[in-house]
1. Given the -39500 (n - 2.57) contribution per DSSP H run of 4+ residues, what per-residue ellipticity at 222 nm results for the chain, rounded to the nearest 500 deg cm²/dmol?
2. Across every pair of different alpha-carbon atoms, what Kirkwood hydrodynamic radius in Å does the range 1-159 reach?
3. For the range 80-121, what are the per-bin percents of Cα-Cα distances with bins 10 Å wide, up to the bin holding the maximum?
4. Over 20 Å apart: what share of the alpha carbon pairs of the range 135-319 falls there, rounded to a whole percent?
5. Which Cys residues of the chain have no other Cys beta carbon under 4.7 Å away?
6. Calculate what fraction, in whole %, of the accessible area of the chain sits on carbon and sulfur atoms when a 1.4 Å probe is rolled over the protein chains.
7. Go through the range 231-319 and name the GluC sites (Glu not before Pro) that are in a DSSP coil and have 15 or fewer other Cβ atoms within 10 Å of their Cβ.
8. What number do you get for the range 209-350 when its Cα radius of gyration is normalised by 2.2 N^0.38 Å, N = residues?
Amino acid sequence: MAEVEMIRQYGTGWYHAFWSGELQAGGVMPLRYFGRDLVAFRGESGDVHLLDAHCQHMGAHLGHGGEVRGESIMCPFHNWEWSGIDGANTKIPYLDRCIKKSLGTHRTQEQDGIVYMWFSRKGDEEPTYLPPRVAESEDPAFYPLYPHGAQRANVTFPPQFAFENVADISHLRTVHKWADVPLLNGGGADGDMFFTDFTGHVPTREGDVKVRIENYQWGLGVVYSRLHGLHPTAQISAITPIDHETSVYSLSIWVGRLDDTDEPKGRAKAVIDEQRKQALNAGGNDRIIWDNQIYIENAPLVGDERKTIGAFRAWARRFREDNAPQPPKAAPVPADLPFPESPTTYTPAS
Ligand code: FES
Ligand SMILES: [Fe+2]
């Protein structure tokens, strides 16, 4: 195989696998991530299990016709069973014992309506962090995430292109038509997390509105963002490689409630539609850039870009390389910086 471009190499970390609502107890789902065929299933206990997909007997794919038996999955071909907990062979229906073969297992973490999977580029690294908890997911002031706030698309650009947006403050004016280049309140690398916190102004028909965004990127797969000042919004943007060319881009969007139903309406729905349009839909403001961009190594970053994008790129290396150099420590956000209040009525400019 030709050498994989650095920017497309997989990084160790937590990645979005699917939404909890997509897999009921006893359900089975075929998946393909990191160049491997996988099977997810929810055991009778309610726990999610993630295994390599191919039965070790004669290679059938357990995600296509497999059935849940307790915490094991039964192969559709000759009905051998495999444990979701450790991958061991747990039953051969026409033999009075099991064989010592097992399937590869993958660690999962289910929280906030999302099932995450752990990927280790070396195969044996233990997690050094957990995916971020979403405060809004249990807040009754927000609509439930699933199904309306769950949006996804397959993309072919390297995942890091999209995540560099976390550090790219000035593109908010040029690509997203903010009224100004936002002011960076603080941010940078902090161990396995990279964060930014900035304040800017977004045009609406009633004039410019002050907005503050917090972004917390964990590893190369997941960023938790919180928007203050417009319609209250929190989002997990997640990109999981299928292979070195293709990825699944998933947006999990929590929007502030406007009524007692579970379906976002009005301005709340408009936020979801707009996020989808810009990042996921072909031709969207962000998407059209990422779809056609190339990666410039040692890009000539100027001014503050060195502290933001440059620091992000330096930080991102830790997930792909042994002994990657440490980027400079993050600048703290002033503790007393207020969050702007959401206006009760406004009309988006576009
Ligand atoms: S291939 Fe799975 S039981 Fe035979
Ligand atoms: Fe963007």
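1. So the calculated ellipticity at 222 nm is -2500 deg cm²/dmol.
2. Over the range 1-159, the inverse of the mean reciprocal pair distance is 17.2 Å.
3. Bin by bin from 0 Å, the calculated values are 26, 36, 24, 13, 1.
4. More than 20 Å apart: 55 percent of the Cα pairs in the range 135-319.
5. For the chain, the answer is 98, because their Cβ atoms have no other cysteine Cβ under 4.7 Å.
6. On the chain, the fraction of accessible area on carbon and sulfur atoms equals 51 percent.
7. Listed in order of number, the matching sites are 245, 297.
8. For the range 209-350, the normalised Cα radius of gyration is 1.23.
The values are calculated or read from the model by the stated rules, or taken from the named source; none is laboratory data. The shown structure was predicted, so the numbers you read here are calculated from the model rather than taken from an experiment. Every residue, glycine among them, receives a Cβ derived from its backbone with ideal geometry; neighbour counts consider all protein chains shown. Protein only, heavy atoms only, side chains kept; ligands, DNA and RNA dropped before computing areas. Shrake-Rupley method; radii C 1.70, N 1.55, O 1.52, S 1.80 Å.
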